[in-house]
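Here's the structure we're looking at; comments come further down.
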Amino acid sequence: MYQEYPPCQLLAPYIDKYWEFKGETEYDMRYKILPDGCTDFIFSIEEPSQPLNGEMLMQPYRFYFVGPMRVYSELVTRSTCLHMMGVRFSPCGLAAFARMPLGEFTDTRVNASELNVLFDDHFAEMLCEKESLQERIHIIDRHLIARLPGLQPVDPQIIRATDLIVQANGMLPIQQLTDKLYIGQRHFERKFKHITGYTPKEFSRITKFRYATRVLRQMKGEDMQQLAIDCGYYDPSHFIKEFRKLSGSTPSAFMALPIPEDDPLTYIE
């Protein structure tokens, strides 16, 4: 079972959501984690699992950092029960709390204790020992709110840029974006990647893809020609190729999945 919870008002500018994935599963079941323009700290509450094509073993009472992803990644279960909790930072949110160039963590997943950023092993253990998700969220809220007075300012132009890209569903040309912000393109792209982990073009691409997944979930037919146009793609062939690359699935197969549209963990047979 997957659930999402909004952050408190004070943290809303920085945290996109808290999420929990908990329940019985099958051994060696594969999930696809879709890129969404955000970054996550993931806490393994109980059972171990092996994600990301065997690159990393998730152990109970440990936590992991998943950087900005440009394509889907896999989670492969190594037990019959899975319990994880995530703190998902908004595209510019983590930059306010941590002086880490996210451009160096694109497409990476690491044991977060190696980063020494925001949380440590003691915090992860304390979190996992709590009985309920509400208790864990309260602890994280308190932990992050205590750091608000010392936050470093994030360039408002970059925040504005991510807002404009999201508002346009990823379909705003970069030249028009820089014109709106009155900023040089090369300087803008360098700062954007440092703060978000993406180039503006990559972030737009993922935003457009996420919009397409929402549209697909609402479709009753399979008019790929119209869908491609509505979602800003050149033609159905380009749309299908792009969708497969980012999700690991064709649009038709994705439509058949009985998963809520906002679930980032998607099982693909």
Sparse-neighbourhood loop hits (GluC sites (Glu not before Pro), segment 101-203; DSSP loop; Cβ within 10 Å at most 10 others) -> Glu131
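Past 29 Å, Cα to Cα, is the threshold; run Lys17/Lys201; Lys180/Lys245; Lys32/Lys201 against it and keep the listed order. Please report the intermediate quantities before stating the final value.
Numbers: Lys17/Lys201 24 Å; Lys180/Lys245 31 Å; Lys32/Lys201 23 Å.
Going by Cα-Cα distance, Lys180/Lys245 fall outside the 29 Å limit.
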Which of Pro200, Pro236, Pro91 fluctuates most in a GNM of the chain (C-alpha springs under 10 Å)? That residue is Pro236
Farthest towards the positive end of the dipole of segment 180-248, among Met219, Thr199, Phe243 and with Cβ unit charges of +1 on Lys and Arg and -1 on Asp and Glu, lies the Cα of Thr199
Once Lys and Arg are counted +1 and Asp and Glu -1 for all other residues with Cβ under 13 Å from that of Ser90, the total becomes -2
Per-residue ellipticity at 222 nm attributable to helices in the chain (runs of n ≥ 4 DSSP H, -39500 (n - 2.57) apiece, nearest 500 deg cm²/dmol) works out to -11000 deg cm²/dmol
quick shape note, the chain: Cα extents on principal axes in Å, largest first -> 50, 44, 31
Ranking by accessible area, most exposed first, for Thr196, Thr108 with a 1.4 Å probe | Thr108, Thr196
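Report relative contact order for segment 103-207 in percent, whole number only (criteria: Cα-Cα under 8 Å, sequence separation at least 6).
On the way: 59 pairs, mean separation 32.6, N = 105.
Relative contact order for segment 103-207 comes out at 31 percent.
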In segment 137-201, what chymotrypsin sites (Phe, Trp or Tyr not before Pro) fall in a loop by DSSP, with at most 11 other Cβ atoms inside 10 Å?
-> Tyr182
For segment 142-249, state which trypsin sites (Lys or Arg not before Pro) are in a DSSP loop and have at most 16 other beta carbons lying within 10 Å of their beta carbon.
-> Arg147, Lys220
Which ³J(HN,Hα) values, rounded to whole Hz and listed in residue order, are derived for segment 92-99 from phi using the Karplus coefficients 6.51, -1.76 and 1.60 in 6.51 cos²θ - 1.76 cosθ + 1.60 with θ = phi - 60°, glycine and proline given as x?
-> 10, x, 5, 4, 6, 8, 9, 8
Choice from Pro68, Pro149, Pro101 with maximal GNM fluctuation in the chain (Cα, 10 Å cutoff) | Pro149
Considering only protein heavy atoms, what is the solvent-accessible area of Ile183 at a probe of 1.4 Å, reported in Å² to the nearest 10?
-> 30 Å²
Going residue by residue through segment 17-24, the Karplus relation 6.51 cos²θ - 1.76 cosθ + 1.60 with θ = phi - 60° gives ³J(HN,Hα) values, rounded to whole Hz and with x marking Gly or Pro, of 5, 9, 9, 9, 10, 8, x, 6
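Percent relative contact order of the chain, based on C-alpha pairs within less than 8 angstrom and at least six residues apart?
Result for the chain is 21 percent.
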Using amide H atoms built 1.01 Å from N in the peptide plane, name the residues 5+ places from Thr25, or on other chains, whose amide H lies under 5 Å from its own.
-> Cys81, Leu82
Which cross-chain or sequence-distant (5 or more) residues have an amide H under 5 Å from the amide H of Met69, H modelled 1.01 Å from N in plane?
-> Asp36, Gly37, Cys38, Asp107
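The values are calculated or read from the model by the stated rules, or taken from the named source; none is laboratory data. Everything quoted here is computed from the prediction, not taken from an experiment. As a convention, Cβ positions derive from the backbone with ideal geometry for all residues, glycine included, and neighbour counts pool all protein chains shown. Just so you know, the surface numbers come from the protein's heavy atoms only, side chains and all, with ligands and any DNA or RNA stripped out. Shrake-Rupley method; radii C 1.70, N 1.55, O 1.52, S 1.80 Å.
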